[in-house]
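What follows is one structure encoded as structure tokens, with my remarks underneath.
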Amino acid sequence: MNFRRAFLACLLCLYPLYTVSAQDIPPGDMLDAMVRQITGKPVPTAITFDRRSGSTGSVCRLQPALMNLIRNGSTARTFSVLVDSIVGADSPKVFFATLSRVAVDADGSGRAYHPEDPLGRGVCQRMTASDGRPGLSGICALDQFSSGGAYVFSGTQKLSRDAFVSNWLSMWPKIRDKQLRPVVLADVVPDVPREFYFFHWHDRGLTAFFKDNIIPRDNDGYPCRYQAADGLRNGYFISSTTLEANTRPRADGCAPNRYLDAEVVPFVVLPKGGFGKVRIGDIAIVQFKNRVVYAIVGDAGPATKLGEGSIGLNARLLGKFGEPFLNMKATWTLDIDSGGPVSILVLGDTHGRLNGNYSPLNIESVAREELSRWSGAGDPLARFEACRAMAPVNPAR
């Protein structure tokens, strides 16, 4: 018996000191097999910067650099970027990159994930809401469960496509009606990320996993959902962003307005949430073709990936903001991978200027002021354009 199985056996011997029973947890060897498929081994990551040959430019005044995304001691990806400095732990403070592709990120949207549309295949009907604005009727999630860190296993087999859908739809009512008990994975399996929680349906041999840093839990441990008071979002899972507003939660512990609404708020995603003095919540200026969007750093992505933007950001860059998106297929049309590169300027150490107000109007107002301060006298975009002219385009990989 390995350590994990021994730990689990000991835990069950102590029941009811703990709040789980044998019916709530798969057999130890099966759980261990599932855990290996969804967590793997911890992967040490880091971000470093090296000097790159080239001129700083008399107008841009940023240094050419190589941004190295490191995994397990080896460089996984390298980007050619511009920064103000690479010296010291607090460097850089200003970051500029031009990317050939910016994928769309739905996390934080009120319609990102719905328990009855796990693959984002539903199609809503267009309608006019009571306030006269265009709206939607029906269920049409903007993303699929796999993007939300949700998995379903039959035994030790991780399910996909039709098998995933049919088994999930059988299991969901049991979770919804609290007939299955939630279990925090780290409470029964040592040395795993604490954000995982799961439900086990003993009679069917099904186990569903979630990540609470994407789909948070309520006070009883069940996935948070929007309610009737939330209008068109009613019934969808609440999905989170790394940047959070200071809002009071509901009585059940869920906070539907705590996270950035990806459909509305223009934000970029940075690996691990930041580096140097470039952090979550900082001001970002993004340009695609002749469109400039004022945004913030709103979410943390994989440590070895760069190039994601919210629905609200990409829709503005493409001139589609305000259009209702009918499902995940429509969301994917917001991936920017043709028609010209996207340039992103992040002004570090500016998050405090927003005073916790993450409305698009306040973001734009503060971002314009910060861009003018960074640019100096004259055209606020002149320095940005100078950096754009000298920044290499990083190909999509």
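Data table
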item	result
Residues located in the stretch 357-382, provided they are modelled with pLDDT under 95 and loosely packed, with under 15 Cβ neighbours inside 10 Å	Gly376, Ala377, Gly378, Asp379
Selection count, the stretch 239-249, where residues are within 20 Å of Lys211 (Cα to Cα), part of a loop (DSSP other than H, G, I, E, B) and not small (Gly, Ala, Ser)	4
Extreme residue, farthest from the chain's Cα centre (by Cα), among residues of the stretch 146-155 that are surrounded by fewer than 18 Cβ atoms within 10 Å (Cβ to Cβ) and farther than 28 Å from Ala262 by Cα	Gly155
Leading residue by the ranking (nearest to the chain's Cα centre (by Cα)) among those in the stretch 282-309 that are among the charged types (D, E, K, R) and surrounded by 23 or more Cβ atoms within 10 Å (Cβ to Cβ)	Asp299
Test: Leu270 is surrounded by 19 or more Cβ atoms within 10 Å (Cβ to Cβ), aliphatic (A, V, I, L, M) and assigned to a loop (DSSP other than H, G, I, E, B)	no
The stretch 103-139: number of residues that are under 21 Å from Ser239 (Cα atoms) and either of a type in the set (A, V, I, L, M) or modelled with pLDDT under 80 (or both)	9
Neighbours by Cβ (under 7 Å, 6+ apart or cross-chain): first from the stretch 193-206, hydroxyl-bearing (Ser, Thr, Tyr); second assigned to a strand (DSSP E or B)	Tyr197/Val183; Tyr197/Val184; Tyr197/Phe210; Tyr197/Arg217
Residues located in the stretch 167-187, provided they are in contact (Cβ under 8 Å) with a residue 40 or more places away in the chain, surrounded by fewer than 19 Cβ atoms within 10 Å (Cβ to Cβ), outside any helix (DSSP H, G or I) and on the phi < 0 side of the Ramachandran plot	Arg181
Single unsatisfied condition, Ile363 versus (1) within 28 Å of Asn246 (Cβ to Cβ); (2) within 18 Å of the chain's Cα centre (by Cα); (3) touching a residue at least 40 places away in the same chain (Cβ under 8 Å)	(2)
Selection status of Arg126, in a strand (DSSP E or B), of a type in the set (Lys, Arg) and not assigned by TED's automatic domain parsing to the domain that holds Gly322	yes
The lone exception for Asn234 - which of (1) more than 28 Å from Asn355 (Cα to Cα); (2) touching a residue at least 24 places away in the same chain (Cβ under 8 Å) it fails	(2)
Residue selected from the stretch 70-87 under the condition touching a residue at least 24 places away in the same chain (Cβ under 8 Å) and assigned to a loop (DSSP other than H, G, I, E, B), by the criterion nearest to the chain's Cα centre (by Cα)	Asn72
Selected residue [under 25 Å from the mean Cα position of the chain (by Cα), over 24 Å from Phe275 (Cα atoms) and either acidic (Asp, Glu) or at pLDDT 95 or above (or both)] from Met67, Met34	Met34
Qualifying residue in the stretch 223-238 (condition: closer than 30 Å to Gly309 by Cβ, assigned to a loop (DSSP other than H, G, I, E, B), of a type in the set (D, E, K, R) and at pLDDT below 95)	no
Residue count for the stretch 194-221, restricted to those that are part of a loop (DSSP other than H, G, I, E, B) and within 20 Å of the chain's Cα centre (by Cα)	8
Condition check for Gly312: in contact with a helix residue (DSSP H, G or I) (Cβ under 8 Å, 6 or more places away or on another chain), outside any strand (DSSP E or B) and crowded, with 24+ Cβ neighbours inside 10 Å	yes
From the options Leu354, Leu381, Leu313, Leu345, residue that is hydrophobic (A, V, I, L, M, F, W, C), in contact (Cβ under 8 Å) with a residue 40 or more places away in the chain and in contact with a Gly (Cβ under 8 Å, 6 or more places away or on another chain)	Leu354
Positions within the stretch 162-194 being under 20 Å from Val35 (Cα atoms) and of a type outside the set (A, V, I, L, M, F, W, C), in sequence order	Asn167, Arg181, Pro182, Asp187, Pro190, Asp191, Pro193, Arg194
Among the candidates Asp143, Asp191, residue that is crowded, with 18+ Cβ neighbours inside 10 Å, outside the structural domain of Thr331 (by TED's automatic domain parsing) and assigned to a loop (DSSP other than H, G, I, E, B)	Asp143
Hits in the stretch 82-124 - residues which are polar (S, T, N, Q) and buried (at least 18 other Cβ atoms within 10 Å of the Cβ)	Ser91, Thr98, Ser109
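The values are calculated or read from the model by the stated rules, or taken from the named source; none is laboratory data. Quick caveat, the model's predicted, so the values are computed rather than measured. No Cβ is skipped: glycine too gets one built from the backbone with ideal geometry, and neighbour counts run over all protein chains shown.
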